[in-house]
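The values are calculated or read from the model by the stated rules, or taken from the named source; none is laboratory data. These figures come from a predicted structure and were not determined experimentally. Virtual Cβ from ideal backbone geometry, glycine too; neighbours counted across all protein chains shown.
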Amino acid sequence: MPQLLKDKRVIDDAWTLLDTDSQSLPDGDILLTYSQWQTFSEQLESHSGQIGVVIEGNTEIEDIIEPLLKLPLIAINFPKFADGRGFSLATLLRERYNFNGEIRAVGGFIRDQLYLLSRCGFNAFKFSEDTDLSEVAKSLEDFSETYQVSADQEKPLFRRR
């Protein structure tokens, strides 16, 4: 079974990413692109597993947020590591919309970004199969203290002293 890094632990990934050319839904927990989610909307009501959605970093979240807030998993795709729009989406989901489910980073992000991704609200990270996730998890501990308020720290440093 494929694995991912979630809540600072390496776990099995029980979610199945639906192929782009799929004509039906498999059993179990499935991860769909936003367009697939719209295409299969009628079938999703009777699906036996959980449903998650992958959105792109350039998604105008305000236009589609209401139904997303009911999902247990929102994955944000990074087309390349230099594209930081996914950071903003995760921050909006956690801070403006109070999304408490899993926010998963997928696509072209890199290990060096893990700490900052977690500060923005990501709690799960999907890497390629050949990545040593226990080694990657160490990046989440790169810094021992933070100054600013963020999704993972409600008070600035001067308020914590």
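Anything in the stretch 107-135 that is among the hydrophobic types (A, V, I, L, M, F, W, C), more than 18 Å from residue 9 (Cβ to Cβ) and not in a loop (DSSP other than H, G, I, E, B)? List them, or say none.
Restricting attention to the stretch 107-135, the residues satisfying the condition of being among the hydrophobic types (A, V, I, L, M, F, W, C) are 109-110, 114, 116-117, 120, 122, 124-125, 127, 133.
Next, only the ones that are more than 18 Å from residue 9 (Cβ to Cβ) stay: 109-110, 116, 120.
Correct list: 116, 120.
Among the listed residues 117, 89, 157, identify the single one that is over 28 Å from residue 49 (Cβ atoms) and either modelled with pLDDT under 85 or surrounded by 17 or more Cβ atoms within 10 Å (Cβ to Cβ) (or both). Before you say what the answer is, go through the steps one by one.
Numbers: 117 fails: over 28 Å from residue 49 (Cβ atoms); 89 fails: over 28 Å from residue 49 (Cβ atoms).
Just a single option satisfies the conditions, and that option is 157.
State whether one or more residues within the stretch 98-113 are basic (Lys, Arg) and at pLDDT 95 or above. Can you show your working first?
Going through the stretch 98-113, the residues basic (Lys, Arg) turn out to be 104, 111.
Pick out the ones that are also at pLDDT 95 or above and you get 104.
Yes - at least one qualifying residue is present in the stretch 98-113.
Within the stretch 47-66, count every residue that is surrounded by 11 or more Cβ atoms within 10 Å (Cβ to Cβ) and touching an Asp or Glu at 6+ places or on another chain (Cβ under 9 Å). Spell out the reasoning first.
Here is the first cut: in the stretch 47-66, the ones surrounded by 11 or more Cβ atoms within 10 Å (Cβ to Cβ) are 47, 49-59, 61, 64-65.
Subset that is touching an Asp or Glu at 6+ places or on another chain (Cβ under 9 Å): 47, 49-52, 57-58.
Within the stretch 47-66, residues that are surrounded by 11 or more Cβ atoms within 10 Å (Cβ to Cβ) and touching an Asp or Glu at 6+ places or on another chain (Cβ under 9 Å) number 7.
Is it fair to say residue 140 is outside any loop (DSSP other than H, G, I, E, B) and touching a residue at least 24 places away in the same chain (Cβ under 8 Å)? I'd like the intermediate steps shown before the answer.
Values: outside any loop (DSSP other than H, G, I, E, B): yes; touching a residue at least 24 places away in the same chain (Cβ under 8 Å): yes.
Here the answer is yes, as residue 140 does meet what is asked.
Filter the stretch 1-46 for residues that are under 17 Å from residue 72 (Cα atoms), loosely packed, with under 12 Cβ neighbours inside 10 Å and touching a Ser or Thr at 6+ places or on another chain (Cβ under 8 Å) and give the result.
Hit for the stretch 1-46 is 27, nothing else.
Which numbered condition in (1) of a type in the set (Phe, Trp, Tyr); (2) loosely packed, with under 14 Cβ neighbours inside 10 Å; (3) modelled with pLDDT of 95 or more is the only one that residue 125 fails?
Of everything listed in (1) of a type in the set (Phe, Trp, Tyr); (2) loosely packed, with under 14 Cβ neighbours inside 10 Å; (3) modelled with pLDDT of 95 or more, residue 125 misses just condition (2).
Looking at (1) surrounded by fewer than 17 Cβ atoms within 10 Å (Cβ to Cβ); (2) at pLDDT below 95, which one does residue 78 not meet, given that it meets all the others?
With respect to (1) surrounded by fewer than 17 Cβ atoms within 10 Å (Cβ to Cβ); (2) at pLDDT below 95, residue 78 is out only on (1).
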